[in-house]
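Heads up: the structure comes next, in structure tokens.
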Amino acid sequence: MTRKRSRANTEQRFQDAVVELVAESGCAQLGVNLVAERAGFDKVLIYRYFGDLDGLLERVADSRPWLPSADELLASVPGDPARVLAELARLISQHVRMDAATHQLCLWRHAVKNPLTARLTADWKELWKELPVRLGAGLDYEARQNWEKACALLALATEAGLMDEAIDLSALDALSNELVAADVGADSPAAVEEDRLPTNLL
């Protein structure tokens, strides 16, 4: 029993070491030797417990949510479409910036491929895929398309902001003006489903 607790604690120390190192300096020097040194254990244990460094990084990637969920975000946004976009950008940026490791992974995800950056990329894509579906629920086809375009642009703008890059938001402002506030029951589920059917089947 004691041995199991000792292994669990050691594994956790390795995982904590990865998060600390990523938070401090991103993925540039993330290696077995540095992780072992930070954890205070022999690097042989990384191979024994996790298989290799990627195995450890996969465990860390699975250990926590890196981004807020669509539910969390949408529970906090106002009803006005233009304000929805601004608030989504603010909430996501705040969440990422408050966690140094997540912020570093955002900065590194296009430059380095490893299980951590791959997980953040997958979560990022999934979040921005789900948001327009939720925001456009019950609206007509054109309104749903506008939400998709707006969220695609907002994803780029939010990521650029996290990298402290200045970008022109005029296209997003123009799309915001075209968005319509969700009208519950505006479209029946059948009507919404019908205009999703491929036109080549008609």
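The values are calculated or read from the model by the stated rules, or taken from the named source; none is laboratory data. Owing to the predicted nature of the structure, the values given are computational and were not obtained by experimental measurement. Cβ: placed from backbone, ideal geometry, glycine included. Neighbour counts: every protein chain shown. Heavy atoms of the whole protein, side chains included, go into the accessibility calculation; ligands, DNA and RNA do not. Shrake-Rupley method; radii C 1.70, N 1.55, O 1.52, S 1.80 Å.
Using a 1.4 Å probe on the protein chains only, how many percent of the accessible area of the range 44-134 belongs to carbon and sulfur? Walk me through the numbers on the way to the answer.
Numbers: 2370 of 4550 Å².
With neighbouring chains kept in place, the figure for the range 44-134 is 52 percent.
What is the magnitude of the charge dipole of the range 1-128 about its Cα centre, with +1 placed on the Cβ of each Lys and Arg, -1 on the Cβ of each Asp and Glu, and no other charges, expressed in debye to the nearest 20?
On the way: 17 positive and 17 negative charges, 84 e Å.
Here the size comes out at about 400 debye.
Show me the ranking of peptides 9-19, 44-54 by mean Cβ neighbours inside 10 Å, starting with the highest.
Ranking, from highest mean packing down: 9-19, 44-54.
For E130 and I167 in the same chain, what is the full-extension length gain: residue separation times 0.36 nm, less their Cα-Cα distance, in nm? Mind showing how you got there, number by number?
Details: separation 37, 0.36 × 37 = 13.32 nm, distance 2.40 nm.
Once the chain is fully extended between E130 and I167, it gains 10.9 nm.
Whole number in Å², please: accessible area per residue of the range 1-143, 1.4 Å probe, ligands, DNA and RNA not counted. Present the calculation step by step, with values, prior to reporting the outcome.
Details: 7730 Å² over 143 residues.
Value returned for the range 1-143: 54 Å² of accessible area per residue.
Placing +1 at every Lys and Arg Cβ and -1 at every Asp and Glu Cβ, with all other atoms neutral, what dipole size does the range 1-72 have around its Cα centre, in debye to the nearest 20? It would help to have the intermediate numbers written out before the result.
Numbers: 10 positive and 12 negative charges, 113 e Å.
Around 540 debye, computed over the range 1-72.
Dipole of the range 81-131, Cα-centred, from +1 at each Lys and Arg C-beta and -1 at each Asp and Glu C-beta, to the nearest 20 debye?
Values: 8 positive and 5 negative charges, 28 e Å.
For this selection, approximately 140 debye.
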